[in-house]
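Structure record follows, encoded as structure tokens.
Every number in this text was worked out from the coordinates using simple rules, so none of it is lab data. Since this is a predicted model, take the numbers as computed values, not measurements. Every residue, glycine among them, receives a Cβ derived from its backbone with ideal geometry; neighbour counts consider all protein chains shown.
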Amino acid sequence: MPVQQQIETVEPGEIRISSSPETIFAIPNLGTGVALAIYDNTLPVGAIAHIVLPESTLTNTHADELPGKYANLAIPALLEKFTEAGGQKRNSVVRIVGGAQLFNFGGGGGNILNIGARNATAIRAGMSKHGFVIQKADTGGNKGKSLQFILSTGQLIVCPIGGHEYPL
Amino acid sequence: MPKPTLEDIVKGVQKLPQLPAAALRVSNIIDKPDTSADMLAEIIRLDASLTGQILKLCNSAAYGFTRKISTVKEAVAILGYGTLKSMVYTVIAKFALDKPVEGYGLKHGDLWINSVTCAVYAKHLAKRIKHPNPELPYTAALLRDIGMLVLGEHVGPYYHEIEKLTLKEKIDFVQAEGHVLGFNHCIVGARVAEKWNLPLVLVNTIKHHHAPSRLPGHSTPAELQIVTLVHLADMMTRMVGYGSGSDGLMYSLDVKALQKIGIEANHAYVESLIAELVELGPIIRDLVDSMKSAGEE
């Protein structure tokens with residue numbers, strides 16, 4: 001009998017986790033934000049964070065803010081949920097998607113708009129600190145991307161907006 | 001087949017989007033100088049569907065009232081004309097924009113969500129700088145990309161050429177549209193807005209929201225402020241990622257225009273802004289959900 005699928009949208013700044021094979025986490029449009037997805041295929045359990053900023057130290061953070069907004073706070077929170085659900089480092093696959101960037105042809109903005117690349121860098125560094133390697137990455141460019149994280153198979157299906165989808 | 005001309009495209013646009021009769025009557029009088037809140041309220045009140053839409057909006061998280069508003073009369077008394085007007089524009093925008101736009105890779109709902117997100121962001125930015133009428137940047141942002149709706153029906157065969165040109169010549173997407181087609185979605189949108197008798201401030205915002213520095217020299221500081229706020233809201237919407245099309249982030253920030261209205265778009269400013277705007281997500285979703293018709297729920 002085919003699995004009844006349950007699509008859950010992961011909004012900017014959110015962290016989601018599931019051990020249910022019916023779950024599909026979906027992000028309809030990643031801009032400069034980066035989706036960090038971790039999957040343990042032995043259970044299965046999958047967790048995803050829709051991260052929009054590299055670190056929290058530049059802004060005033062509040063306790064009731066979205067937990068997945070900043071890479072430096074999202075990573076420990078995501079890994080805690082993953083571990084609590086039984087996910088193990090040795091069985092896990094880690095992938096990141098997104099981190100697009102505005103143009104800077106006229107010199108308008110400069111590095112202040114390099115947030116996409118900085119998100120990806122911060123996530124790599126943050127995961128490395130916890131002993132995780134990013135196995136696959138699809139970041140950069142100037143287009144948004146959508147993604148679906150299918151827990152029954154662990155597949156990540158990526159689609160550039162207006163383009164064709166492919167597995168990562 | 002020859003490329004379509006701007007005149008052909010604009011001629012093909014109906015006088016107004018296909019709106020329900022009451023919304024059409026309201027849109028005809030909404031910006032006339034002698035229209036009062038009571039006149040507007042009377043037209044709304046006579047149409048159950050429009051009344052329902054306005055009341056749902058009133059009671060959504062976007063407006064944050066502590067008690068439920070049950071009648072249009074109450075809504076008028078509490079909200080005032082400016083807010084009632086922007087709500088009517090929101091209803092009109094939903095009818096006009098909640099469609100797929102294949103030419104720009106926008107699926108059903110994308111352009112509507114993108115527009116309403118940008119509108120909410122623009123209002124937030126306006127309040128941040130203590131603008132006297134935050135509903136105006138809201139409405140301008142809501143309608144800024146009506147040109148995509150229209151040009152989207154024609155751009156398909158030329159889209160890849162436009163995209164290739166952005167990278168080859170290192171220019172913004174809207175400039176590349178201009179090179180390939182002879183005009184861009186902003187110019188189309190401005191012409192459509194004129195056809196719909198929208199106020200000049202909305203026409204100018206639609207035309208110049210990707211490059212406010214290019215506003216005509218005779219524009220007032222107030223006009224520059226509105227267009228630049230919408231520009232910044234547009235860029236933030238693309239970065240956070242709500243409903244952007246295949247043109248995505250192929251645009252630059254007009255730093256000069258921002259400086260002219262007193263905004264120094266540095267590292268700390270942009271990141272703190274994104275941090276604030278992301279928290280508006282639940283309000284935007286509530287607004288979008290409140291506007292869903294029975295068949296969409």
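The table for this structure:
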| item | result |
| --- | --- |
| Segment A:62-92-segment A:23-49 distance, computed between alpha-carbon centres (Å) | 12 Å |
| Nearest-ten-degree value, helix A:71-84 long axis tilted from longest Cα axis of chain A | 0 degrees |
| Karplus-derived HN-Hα couplings along segment B:49-55 (A = 6.51, B = -1.76, C = 1.60, θ = phi - 60°), whole Hz, x at Gly and Pro | 5, 5, 4, x, 4, 5, 5 |
| Segment B:123-196 and segment B:40-81: distance between their alpha carbon centers, rounded to Å | 31 Å |
| Percentage relative contact order, chain B, counting C-alpha pairs under 8 Å, at least six apart | 20 percent |
| Amide hydrogen neighbours beyond the local backbone of A:V45, cut-off 5 Å, H modeled | A:D40 |
| Hydrodynamic radius (Kirkwood) for the protein assembly as shown, which is based on Cα pairs only, to one decimal in Å | 23.0 Å |
| Links that overshoot a 28 Å alpha carbon limit, given the list B:K32/B:K73; A:K129/B:K168; A:K145/B:K260; B:K85/B:K130 | A:K129/B:K168; A:K145/B:K260 |
| Two-site FRET efficiency, B:K73 against B:Y269, from Cβ-Cβ distance with R₀ of 35 Å, rounded to 0.05 | 0.25 |
| Environment charge at B:P4 (Cβ cut-off 14 Å; Lys +1, Arg +1, Asp -1, Glu -1) | -1 |
| Per-residue HN-Hα couplings for segment B:251-267 [Karplus 6.51, -1.76, 1.60; θ = phi - 60°; Hz; x = Gly/Pro] | 9, 10, 7, 8, 5, 4, 4, 5, 4, 4, 9, x, 10, 9, 7, 9, 2 |
| Rounded to 10°, Cα long-axis angle of helix B:110-128 versus longest principal axis of chain B | 80 degrees |
| Crossing angle, helix A:115-129 versus chain A [Cα axis fit, 0-90 degrees, rounded to tens] | 50 degrees |
| Rounded, prolate or oblate (a/c below 1.5 giving rounded, otherwise prolate when a/b exceeds b/c) for segment B:146-297 by Cα gyration tensor | rounded |
| Partner aspartates and glutamates for B:K292 [C-alpha distance under 18 Å; skip if fewer than 8 residues away on the same chain] | B:D47, B:D98, B:D110 |
| Normalised contact order of segment B:1-85, rounded percent, pairs of Cα under 8 Å and 6 or more residues apart | 24 percent |
| Relative contact order of segment B:33-134, defined on C-alpha pairs under 8 angstrom at six or more residues apart (%) | 17 percent |
